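Everything below concerns the one structure shown next.
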């Protein structure tokens with residue numbers, strides 16, 4: 001396992017575990033979707049603790065020592081499950097690095113005492129008395145004003161600095177999506193706050209084209225270079241774009257396969273991130289043991305990409321952009337929709353149709369839709385357009401707009417079918 | 001040989017009817033069925049000559065009874081003779097009582113219940129798994145086993161009674177000699193047939209479809225914001241709204257006539273492409289089709305699959321009309337039930353879903369344009385209000401056919417609308433599909449967002465380059481404006497969109513006529529319509 005170093009000089013595995021897509025007892029995902037088929041995976045069922053225990057043990061045995069979670073993940077169950085699994089592994093607390101976040105997204109969680117309560121709960125659930133890496137969670141989400149309310153006006157940032165002094169947290173950082181102003185604000189005050197690391201969305205599509213996906217985004221290359229300049233180590237999130245860069249996709253395979261016919265698409269995406277030396281660790285939400293095995297193999301040791309390979313990845317990125325897929329990574333931050341829609345399943349289904357090599361005929365698309373969202377009442381036509389999902393999306397997708405578009409497309413297909 | 005032919009015809013007819021319920025093409029199979037009026041008349045005329053060929057070979061229930069008999073009583077060979085035998089008092093009483101009840105039901109407007117005694121209705125309802133139909137079929141089969149013959153045809157079925165009377169003196173059939181003492185020895189074992197079958201008529205009890213009523217209400221938006229990610233809010237089907245009048249399938253022109261003509265065979269229900277037809281549980285329309293929008297709505301792209309399937313002509317085939325030309329009813333909105341009132345959220349589901357652009361959100365309230373509404377139920381289907389939808393369709397007593405207008409008529413109609421204050425209208429396939437009021441560029445941008453411009457005829461008050469670009473991006477076919485900018489006309493023609501105007505001006509001005517139009521200035525210098533629309537959307541924030 002390729003290793004790098006944290007700001008406080010500890011060895012850290014290049015592959016990290018993101019506990020956002022834990023396995024459930026019904027063989028699915030606790031958050032998000034898996035595999036090639038949309039809708040195959042999401043579940044609100046109990047998390048499969050036994051499987052998770054064995055996976056965590058396998059990761060520790062393979063040299064993975066970075067575990068990232070949040071109080072918000074998996075309907076709030078992620079921290080406790082990960083805590084139990086780490087405990088069950090029987091390893092010393094010093095052997096692994098735990099990261100969790102101050103995920104005070106809802107206004108009722110803004111007050112400082114609520115933040116403190118969240119931190120204490122994290123310690124309790126993770127069964128530890130200190131957190132290695134603590135993050136301000138998604139600082140640009142909802143704009144700078146929200147950032148200010150969540151961390152500045154309530155004194156949460158000051159309190160975090162104090163926690164670091166008290167060694168109750170070892171490293172302080174932030175994860176960034178959304179408003180660039182929040183990112184710049186934090187970096188401009190690096191001298192004052194001394195960020196120990198920063199978590200950004202980085203992959204070969206966002207490297208140069210994040211701005212094309214959404215006006216508001218900053219390209220990952222800019223973020224990376226800005227952080228490297230300030231000597232802040234980078235934690236990579238969404239290296240596979242929620243599986244969009246790992247699932248079979250003709251446009252990607254066409255560019256990448258000729259260079260290394262045996263390599264999976266996921267391997268390419270991880271190698272891309274690992275090529276950059278200031279990347280401290282790459283987080284992957286590996287639901288199944290096979291995901292872990294494959295990614296561990298990719299990173300043991302990670303072979304950096306050559307210039308030719310980087311060029312091919314850039315071509316692949318352009319090919320993906322051409323498909324105009326919806327940039328949904330099935331993170332489920334938008335869920336639960338108050339009106340019961342299965343938003344990520346609908347968007348993932350749309351992407352699956354767009355990425356198919358040959359555009360499927362109407363009947364096939366309708367079948368895919370029925371398989372992706374089996375319950376009619378959770379499909380796009382039941383969107384009320386209330387827009388409550390919008391501020392939660394870290395990718396700033398106009399969810400009601402996309403759903404309306406998907407629904408009118410489905411209606412056209414239905415009418416086409418009915419007219420036969 | 002004769003029996004072989006009869007058997008083959010019988011099985012073929014039964015097969016045709018059955019197959020029609022399982023997705024077989026309904027055209028020919030239905031047209032040759034005696035349920036179709038013309039065929040029925042032919043059979044009626046043939047009966048005095050050849051006997052009860054309807055009950056024996058054509059009627060699905062008759063054939064089923066024959067099969068049951070063949071299975072249970074293989075030795076009773078001369079069953080057929082029984083109808084020629086002198087009838088017992090009890091048998092006669094049952095037959096004529098049932099017929100009398102049937103007649104009374106039809107005359108008093110409960111025809112739907114009356115039809116319930118007839119074979120196609122029973123068979124169709126049983127095949128569509130409508131509970132009373134299944135019960136009736138079971139009764140028919142049990143009676144056939146007990147009665148050792150086509151008991152139902154002989155003594156209960158009103159259609160059977162008709163043929164029985166007609167065939168009394170038929171030329172080609174078994175005759176009973178004068179010396180018959182009605183010993184029934186010819187009838188096989190267990191000869192004497194006691195008939196206590198009186199009171200077997202009637203339905204097997206009504207099943208309530210409304211079991212969904214009272215199911216947990218959709219979790220209304222929570223007061224506090226969510227704190228964790230993932231999970232599902234519970235969902236439930238809405239209840240059936242208390243419709244002032246049922247919505248009948250398109251082509252069922254007149255409610256009263258439909259009620260009389262429909263035998264409730266259920267073929268339209270299994271053939272419905274939108275999945276919205278279901279059997280009525282109302283006593284007066286028992287088993288007849290009506291719209292239930294919980295599972296779907298009447299698709300505008302459907303070519304009248306229900307009308308094509310209907311064997312009796314109760315649903316008139318109107319294939320040559322666009323689906324949007326038949327108005328089945330119109331939507332009614334209830335403020336108190338709407339989630340705008342109950343949850344305090346902005347909801348646009350009904351307006352967005354409407355395939356004819358008949359629901360407008362005006363000052364935050366959905367307003368139904370009843371002249372444009374076709375009663376398809378799409379709005380009712382998507383309405384999130386629980387336990388009852390806040391918008392539902394009321395069926396018309398007589399469906400209205402709005403003939404498709406030719407282009408000149410349509411243009412005249414649209415111009416009238418625009419002169420009357422509507423700022424932008426779009427029409428397609430001879431029907432107006434969208435209209436918007438408001439100032440500036442927003443109305444037409446809205447039509448673009450709703451995809452109402454594709455292949456459409458568009459009439460707008462003022463068309464400058466901005467509106468022209470929107471029409472091009474929306475793939476409009478033809479554009480007409482009261483006032484059109486000269487450069488806009490050039491742009492439209494360049495992209496192959498036909499256009500004309502009442503008045504052409506060199507430049508579009510702003511509202512106060514002091515300067516150029518701000519929208520036109522926004523796209524100054526741009527040449528690609530896609531980019532222009534992007535700039536306009538940014539400028540207006542839409």
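What's the number of the only condition in (1) touching a strand residue (DSSP E or B) at 6+ places or on another chain (Cβ under 8 Å); (2) surrounded by 24 or more Cβ atoms within 10 Å (Cβ to Cβ); (3) in contact (Cβ under 8 Å) with a residue 40 or more places away in the chain that residue B:372 fails to meet?
Residue B:372 satisfies every listed condition except (2).
Residues being within 7 Å of chain B (Cβ to nearest Cβ) and surrounded by fewer than 18 Cβ atoms within 10 Å (Cβ to Cβ): count how many of those fall in the stretch A:409-420.
Residues that pass the stated criteria total 2.
Any chance you could count how many residues in the stretch B:489-502 are touching a residue at least 12 places away in the same chain (Cβ under 8 Å) and over 14 Å from residue B:459 (Cβ atoms)? First the steps, then the outcome.
Filtering the stretch B:489-502 down to residues touching a residue at least 12 places away in the same chain (Cβ under 8 Å) leaves B:489, B:491-492, B:495, B:497-502.
Remaining after also requiring over 14 Å from residue B:459 (Cβ atoms): B:489, B:491, B:495.
Of the residues in that region, 3 qualify.
Taking strands (runs of 3 or more DSSP E) that fall entirely within the stretch A:139-240, which contain at least 3 residues that are closer than 18 Å to residue A:329 by Cα?
Correct list: A:197-201, A:234-237.
Answer yes or no as to whether residue A:374 is in contact (Cβ under 8 Å) with a residue 40 or more places away in the chain, more than 11 Å from chain B (Cβ to nearest Cβ) and surrounded by fewer than 21 Cβ atoms within 10 Å (Cβ to Cβ). Give the derivation first.
Working: in contact (Cβ under 8 Å) with a residue 40 or more places away in the chain: yes; more than 11 Å from chain B (Cβ to nearest Cβ): yes; surrounded by fewer than 21 Cβ atoms within 10 Å (Cβ to Cβ): yes.
So residue A:374 fits the description; yes.
Is it true that some residue in the stretch A:100-107 is buried (at least 18 other Cβ atoms within 10 Å of the Cβ) and part of a helix (DSSP H, G or I)? So that I can check it myself, show each step before the final result.
Here is the first cut: in the stretch A:100-107, the ones buried (at least 18 other Cβ atoms within 10 Å of the Cβ) are A:100-105.
Right, trim to part of a helix (DSSP H, G or I) and you get none.
Within the stretch A:100-107 (the criterion being buried (at least 18 other Cβ atoms within 10 Å of the Cβ) and part of a helix (DSSP H, G or I)), the answer is no, since none of the residues qualifies.
Can you pull out the residues in the stretch B:304-343 that are within 14 Å of chain A (Cβ to nearest Cβ), at pLDDT 85 or above and part of a loop (DSSP other than H, G, I, E, B)?
Filtering the stretch B:304-343 down to residues within 14 Å of chain A (Cβ to nearest Cβ) leaves B:304-309, B:319-324, B:337-343.
After this cut, where a residue has to be at pLDDT 85 or above as well, the list is B:304-309, B:337-343.
If the condition is that a residue be within 14 Å of chain A (Cβ to nearest Cβ), at pLDDT 85 or above and part of a loop (DSSP other than H, G, I, E, B), then B:304, B:337, B:338, B:343 are the ones that fit.
Restricting attention to the stretch A:337-351, report how many residues are under 18 Å from residue B:228 (Cα atoms) and without any contact (Cβ under 8 Å) to a residue 60 or more places away in the chain.
Residues that pass the stated criteria total 4.
Looking at (1) within 11 Å of chain B (Cβ to nearest Cβ); (2) farther than 28 Å from residue B:229 by Cα, which is the one condition that is false for residue A:403?
Failing condition for residue A:403: (2).
Being surrounded by fewer than 18 Cβ atoms within 10 Å (Cβ to Cβ) and assigned to a helix (DSSP H, G or I) is the filter; apply it to the stretch A:377-400 and report the residue that is farthest from the other protein chains (Cβ to nearest Cβ).
If we take residues in the stretch A:377-400 being surrounded by fewer than 18 Cβ atoms within 10 Å (Cβ to Cβ) and assigned to a helix (DSSP H, G or I), then A:390 is farthest from the other protein chains (Cβ to nearest Cβ).
Taking the stretch B:275-293 as the search range and keeping residues that are in contact with a helix residue (DSSP H, G or I) (Cβ under 7 Å, 6 or more places away or on another chain) and assigned to a loop (DSSP other than H, G, I, E, B), which one is farthest from the other protein chains (Cβ to nearest Cβ)? Reasoning before the result, please.
The first filter runs over the stretch B:275-293 and keeps only residues in contact with a helix residue (DSSP H, G or I) (Cβ under 7 Å, 6 or more places away or on another chain), leaving B:277-279, B:283-289, B:293.
Subset that is assigned to a loop (DSSP other than H, G, I, E, B): B:286-288, B:293.
On the way: B:286: 27, B:287: 24, B:288: 22, B:293: 12 Å.
Within the stretch B:275-293, the match that is farthest from the other protein chains (Cβ to nearest Cβ) is B:286.
Would you check if residue B:406 is away from chain A (no Cβ under 14 Å) and under 20 Å from residue B:245 (Cβ atoms)? Show your work before the answer.
On the way: away from chain A (no Cβ under 14 Å): yes; under 20 Å from residue B:245 (Cβ atoms): no.
No; evaluated as a whole, the condition is false for this residue.
Suppose we filter the stretch A:330-347 for residues that are outside any loop (DSSP other than H, G, I, E, B) and either within 12 Å of residue B:234 (Cα to Cα) or within 14 Å of another protein chain (Cβ to nearest Cβ) (or both); how many remain?
We begin by selecting, within the stretch A:330-347, every residue outside any loop (DSSP other than H, G, I, E, B); these are A:343-347.
Still in the running and either within 12 Å of residue B:234 (Cα to Cα) or within 14 Å of another protein chain (Cβ to nearest Cβ) (or both): A:343-346.
Qualifying residue count, the stretch A:330-347: 4.
Only one of these conditions is not met by residue A:315: (1) over 22 Å from the mean Cα position of the chain (by Cα); (2) without any contact (Cβ under 8 Å) to a residue 60 or more places away in the chain; (3) surrounded by fewer than 19 Cβ atoms within 10 Å (Cβ to Cβ); (4) assigned to a helix (DSSP H, G or I). Which number is it?
The single condition residue A:315 does not satisfy is (2).
Take the stretch B:203-240 and flag every residue that is buried (at least 21 other Cβ atoms within 10 Å of the Cβ) and either outside any loop (DSSP other than H, G, I, E, B) or modelled with pLDDT of 50 or more (or both). Before the answer, list the steps.
The initial filter retains those residues of the stretch B:203-240 that are buried (at least 21 other Cβ atoms within 10 Å of the Cβ), namely B:218, B:226, B:228-230, B:238.
Answer for the stretch B:203-240, where residues must be buried (at least 21 other Cβ atoms within 10 Å of the Cβ) and either outside any loop (DSSP other than H, G, I, E, B) or modelled with pLDDT of 50 or more (or both): B:226, B:228, B:229, B:230, B:238.
Could you list all residues from the stretch B:124-165 that are part of a loop (DSSP other than H, G, I, E, B) and out of contact with any strand residue (DSSP E or B) (no Cβ under 9 Å at 6 or more places or on another chain)?
B:129, B:148, B:149, B:150, B:157
Against the conditions (1) in a helix (DSSP H, G or I); (2) modelled with pLDDT under 80, where does residue B:66 fall short? Just the number, please.
If we test residue B:66 against (1) in a helix (DSSP H, G or I); (2) modelled with pLDDT under 80, just (2) comes out false.
When you go through A:354, A:366 one by one, which is the residue that is more than 30 Å from residue A:76 (Cα to Cα), touching a residue at least 40 places away in the same chain (Cβ under 8 Å), part of a helix (DSSP H, G or I) and out of contact with any strand residue (DSSP E or B) (no Cβ under 8 Å at 6 or more places or on another chain)?
Residue meeting the stated conditions: A:366.
Take residue B:266 and decide whether it is modelled with pLDDT under 90 and within 14 Å of chain A (Cβ to nearest Cβ).
On the way: modelled with pLDDT under 90: yes; within 14 Å of chain A (Cβ to nearest Cβ): no.
So residue B:266 does not fit the description; no.
Evaluate the stretch B:348-355: report whether one residue or more is buried (at least 20 other Cβ atoms within 10 Å of the Cβ) and more than 10 Å from every other protein chain (Cβ to nearest Cβ).
yes
Quick check, is residue B:366 within 14 Å of another protein chain (Cβ to nearest Cβ), modelled with pLDDT of 90 or more, within 30 Å of residue A:379 (Cβ to Cβ) and in a strand (DSSP E or B)?
Values: within 14 Å of another protein chain (Cβ to nearest Cβ): yes; modelled with pLDDT of 90 or more: yes; within 30 Å of residue A:379 (Cβ to Cβ): yes; in a strand (DSSP E or B): yes.
Considered against the rule, which asks whether it is within 14 Å of another protein chain (Cβ to nearest Cβ), modelled with pLDDT of 90 or more, within 30 Å of residue A:379 (Cβ to Cβ) and in a strand (DSSP E or B), residue B:366 comes out as yes.
Would you confirm, using the coordinates I've provided, whether residue B:422 is under 29 Å from residue B:538 (Cβ atoms), free of Cβ contacts under 8 Å to residues at least 24 places away in the same chain and out of contact with any helix residue (DSSP H, G or I) (no Cβ under 6 Å at 6 or more places or on another chain)?
yes
The values are calculated or read from the model by the stated rules, or taken from the named source; none is laboratory data. Here the structure is a predicted model, which means the values were calculated and not measured. Backbone-built Cβ (ideal geometry, glycine too); neighbour counts: all protein chains shown.
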